[in-house]
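Everything on this sheet refers to the single structure shown next.
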Amino acid sequence: MFLEAIPELWLRLDANRQWTLEKAKKFAGYIAPEFRQRIAFLEEPCQQPDDSLLFSAETGIAIAWDETVRDAGFEPAAQNGLSAIVIKPTWLVRLLMCVNW
């Protein structure tokens, strides 16, 4: 509704890994395909990262990693459908505290 009413609006959304792939696709179904490109990203839509990537491939809605960055074995890499990696200030502070100056 907002995307339709405000043509210059872009959204950044966050689902905090709360949805199954089916629920995420149901959400996307409420957004007309012509407006999906104005969602800069949907942060962590699905409980499983692979499902989030599949969601993006199937809906055309870009995703961002947030919680996934803290998963063991995570390595930043370009992936289809991934438009951002969220870096929170508190993570930067922790990183700087660990650096041996």
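What to note about this one:
- Flag if residue 41 is assigned to a strand (DSSP E or B) and modelled with pLDDT of 95 or more: yes
- The lone exception for residue 74 - which of (1) open to solvent by 70 Å² or more (accessible area, probe 1.4 Å); (2) modelled with pLDDT under 95 it fails: (1)
- Tally, over segment 1-35, of residues that are over 21 Å from residue 66 (Cβ atoms), part of a loop (DSSP other than H, G, I, E, B) and open to solvent by 100 Å² or more (accessible area, probe 1.4 Å): 3
- Leading residue by the ranking (surrounded by the most Cβ atoms within 10 Å (Cβ to Cβ)) among those in segment 36-54 that are out of contact with any helix residue (DSSP H, G or I) (no Cβ under 7 Å at 6 or more places or on another chain) and among the acidic types (Asp, Glu): 43
The values are calculated or read from the model by the stated rules, or taken from the named source; none is laboratory data. Since this is a predicted model, take the numbers as computed values, not measurements. Counting neighbours? That spans all protein chains shown, and the Cβs are built from the backbone with ideal geometry, glycine included. Remember, those area values only see protein heavy atoms, side chains included, never the ligands or the DNA or RNA. Shrake-Rupley method; radii C 1.70, N 1.55, O 1.52, S 1.80 Å.
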